[in-house]
Amino acid sequence: MVHQSQPRPAVRRPVAAGADLARQHRRPLCGAPLHRRVARAEMTAPARAHVCRSTHRLIASRYPTVGAFDDLTTDKDELEIAFLLESATNDRLAVLSRRLPLLPPEEIVQGPGATLVMAAFFHADEAGGRFTDGRLGAWYASFDADTAIAETVHHSTRRLRLSSGAFPSSIQMRELIAGIDCDLVDIRGRRKSDPDLYDPDDYRAGQKSGIGLRWPASKAGENGVVYDSVRRAGGTNVCVYRPSLVVLPVVQADHYEYRWDAEGRITVLKLTNVEPGGPL
């Protein structure tokens with residue numbers, strides 16, 4: 001099935017695709033909310049929920065399918081040196097020298113898919129995200145693939161509209177699936193009481209709250225935020241502040257293609273049909 005989105009993208013799935021990936025990987029919250037207590041930060045007395053499930057993240061598929069540092073070394077000091085050496089010869093990794101010192105040593109992870117996790121923190125948008133400023137990225141992901149698609153379609157379309165002659169255009173995206181099992185500040189269901197945190201375009205309130213929750217980036221800070229998707233009704237997103245809380249291995253799942261016509265209307269095509277599997 002293919003249709004052109006007005007506010008939401010459609011996904012063309014092969015006839016033999018079977019069950020939806022989002023359902024295959026869905027896992028319930030482990031007793032969420034596990035407990036509630038007042039959180040420090042700009043938000044008004046948010047709860048914490050224990051989130052134990054797989055998350056879905058989409059990235060541009062131009063990045064390599066095997067990370068350069070996934071199996072290079074198990075020594076964290078050597079791994080940090082390797083990241084810095086790579087940054088000296090790779091323009092895309094040039095920000096490492098500035099962002100790497102912001103993470104405690106125990107947050108430099110290694111193993112299958114570790115490079116993909118660390119990239120979410122080191123190669124994030126300089127403007128920041130909904131709950132992150134430009135200093136350091138986070139593991140932004142969704143509870144299901146369709147929400148992850150809606151989020152990335154929105155941001156990709158916005159970036160294209162800011163450039164001249166952007167349409168028609170196409171990009172390929174790769175789905176990453178990784179588990180999380182941690183307490184997160186829970187602001188779901190608060191779009192009416194805290195509308196500034198859910199503003200579709202202005203992230204200043206969310207970033208201000210995120211600064212209070214995250215920094216300094218030590219064990220004193222929060223693990224991250226679980227929140228309602230602004231781009232897809234009924235969807236749920238997470239913003240995880242610590243790489244060590246993303247469960248390895250990262251499963252590299254399906255590929256998608258986003259196609260915009262000359263007027264900027266988008267069609268989303270599913271290019272593969274990867275069998276389910278993953279840590280959670």
Using a basic spin-label model with each label point 7 Å from the Cα along Cα→Cβ, how many nm lie between Ala217 and Ala262? 4.6 nm
Over 20 Å, how big is the tail of the calculated P(r) for segment 122-280, in percent of all Cα pairs? 55 percent
How high is the FRET efficiency from Ser97 to Leu269, r the C-beta distance, R0 35 Å, rounded to 0.05? 0.35
Rank these for me by crowding, Arg98, Arg231, Arg57, going from fewest to most other beta carbons within 10 Å. Arg98, Arg231, Arg57
Size descriptor, Kirkwood hydrodynamic radius, that averages inverse alpha-carbon separations across segment 114-195, Å: 15.2 Å
Largest-first ellipsoid semi-axes for segment 230-280, taking √(5λ) over the Cα gyration tensor eigenvalues, angstrom: 27, 18, 11
Descending semi-axes in whole angstrom, ellipsoid equivalent of segment 168-220, from the Cα gyration tensor: 25, 20, 14
Sorting His123, His56 on the 10 Å Cβ count, fewest up front, what's the list? His123, His56
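Where a number appears in this text, it was derived from the coordinates with a stated rule and is not lab data. Only a predicted model underlies this, so the values are computations on that prediction, with no experimental measurement involved. For neighbour counting, all protein chains shown are included, and Cβ atoms are generated from backbone atoms with ideal geometry for every residue, glycine included.
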